[in-house]
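Please treat every number below as a calculation from the coordinates, not as lab data. Quick caveat, the model's predicted, so the values are computed rather than measured. We place every Cβ from the backbone using ideal geometry, glycine too, and count neighbours over all the protein chains shown.
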Amino acid sequence: MGQGSGYRCPKCGYRLDVMLGAGFAYPHVYEETVAKMKSGELGEEAKQFFVDHPDGAVNAEYELAVCKECGRYETVPALKLYVPKEGYVHQPAGRWSVAVPAEGVSFVAPWDLEDQYVKVGQLKQHCQSCGGTLKILSERTIARKGLTCPCCGEKLVEEQMFWD
Ligand SMILES: [Zn+2]
Ligand SMILES: [Zn+2]
């Protein structure tokens, strides 16, 4: 399930909540993401992907991204693109978990992507504030370098928290 951290700027009070991974809402996030891709809302490349690969899948797990232009942080679905390995046919999952029924929702779980699919690309995403290109930050990068306040440049202080 999802895991989150809260970050706080000790200088100016800026706050950032980062929710990573796949929460209980994942099947719906997945469906929404695919619908947006197919409608063209996420750009031509996204739309074309499902035309070229009707059996393609996407990783919609949340990741932290930073805008290369304005330094703003945004939590976004990763939008990594996958195609099934040869011979694999996806069976729609009946339930996401015992606690949360997700019948009727068609999605590919992140662990299926790892086992049964091959990554073929990743969609570019843009900053909602300035339109700049977003760069996805891996958890390792965040752990190693930490995060910088987009307002004043001070290093953010991490506060643990969890979500589902
Ligand atoms: Zn600050
Ligand atoms: Zn920006």
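When the charge dipole of the range 28-82 is built from unit charges on Cβ atoms (+1 for Lys and Arg, -1 for Asp and Glu) and taken about the Cα centre, the candidate among GLY40, VAL51, ALA65 whose Cα reaches farthest toward its positive end is ALA65. Dividing the summed -39500 (n - 2.57) terms of all DSSP H runs of n ≥ 4 by the residue count of the chain sets its mean residue ellipticity at 222 nm at -6500 deg cm²/dmol.
Pairwise Cα separations in the chain fall into 5 Å bins from 0 onward with the following percentages, short to long: 2, 8, 15, 19, 19, 15, 11, 7, 3, 1, 0, 0. To the nearest ten degrees, helix 26-39 and the longest principal axis of the Cα atoms of the chain are 80 degrees apart.
Amide H contacts of GLN122 (H built 1.01 Å from N, in plane; Pro and chain starts excluded): LEU81 sit under 5 Å, all sequence-distant by 5 or more or on other chains. Under the convention that each Lys and Arg Cβ holds +1 and each Asp and Glu Cβ holds -1, the size of the dipole of the range 3-161 around its Cα centre is about 680 debye.
Kirkwood hydrodynamic radius computed over the range 112-164 comes to 14.5 Å, based on all pairs of distinct alpha carbons.
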